[in-house]
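Step one of this worksheet: look at the structure below.
The values are calculated or read from the model by the stated rules, or taken from the named source; none is laboratory data. None of these values were measured; they are calculated from a predicted model. Here the Cβ positions follow ideal geometry from the backbone for every residue, glycine too, while neighbour counts run over all protein chains shown.
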Amino acid sequence: MDSLSYAGIGSRNAPQNILEFMEKIASILEQCDYVLRSGKAKGSDKAFERGVRNPKNKEIFTHRDAKPWAYVTVKKYLPEDRPATFDSWNDYVKGLLARNMMQILGKLGDKPVKFVVCWTPIGDYNTSDVGGTGYALRCAIDRGIPTYNLNYPQQLEAFKKLLKKIFKEHQNVKNS
């Protein structure tokens, strides 16, 4: 799919004002030819998905979509406070965590997103503090993919600047 993709992910319990902002983010990025990758979970994922009007502009991965490579890859990103627990979880949970790798790396694992925008509770990304989103964040950070957590003021401001830059560049291309 389109090389301009981003992961729009995060907590199921993000505040309402953040969910509304995520929807606006997705709408703006779609106008700028970006494709959303997300996971269809309640909260953050659904907010991003609502912001995308054309189904061709989103790749939504569920636990059923998880590919063998993603199951292998997710094991590299287990949280420090839960080492070696992956194999003991049920297939549904494993599938959810594996699909997080697809949100970052694409369906076949060979097309990483340009950046990740999310909202998680304040916490250590290397532990289970930030829930399932932490797996995707650890993968992105490990691969040098910029991440923007809207719950951290500096990252929120940095993301707003990025969004303005993307929009301005798109407008310049569109008007040339």
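Some values worked out for this structure:
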item	result
V116 surrounded by 13 or more Cβ atoms within 10 Å (Cβ to Cβ) and not in a helix (DSSP H, G or I)	yes
Verdict on N151 being modelled with pLDDT under 95 and in a loop (DSSP other than H, G, I, E, B)	no
Test result for R138, in a helix (DSSP H, G or I) and in contact with a His (Cβ under 8 Å, 6 or more places away or on another chain)	no
Residue match in the range 103-112 (condition: assigned to a helix (DSSP H, G or I) and either at pLDDT below 90 or aliphatic (A, V, I, L, M) (or both))	yes
Matching residues in the range 67-96 - criterion: being surrounded by fewer than 16 Cβ atoms within 10 Å (Cβ to Cβ), aliphatic (A, V, I, L, M) and part of a loop (DSSP other than H, G, I, E, B)	A84
Unique residue being of a type in the set (S, T, Y), within 17 Å of the chain's Cα centre (by Cα) and farther than 19 Å from Y6 by Cα when the list is Y77, Y92	Y77
Counted residues, the range 35-48 - those being surrounded by fewer than 24 Cβ atoms within 10 Å (Cβ to Cβ) and touching a strand residue (DSSP E or B) at 6+ places or on another chain (Cβ under 6 Å)	2
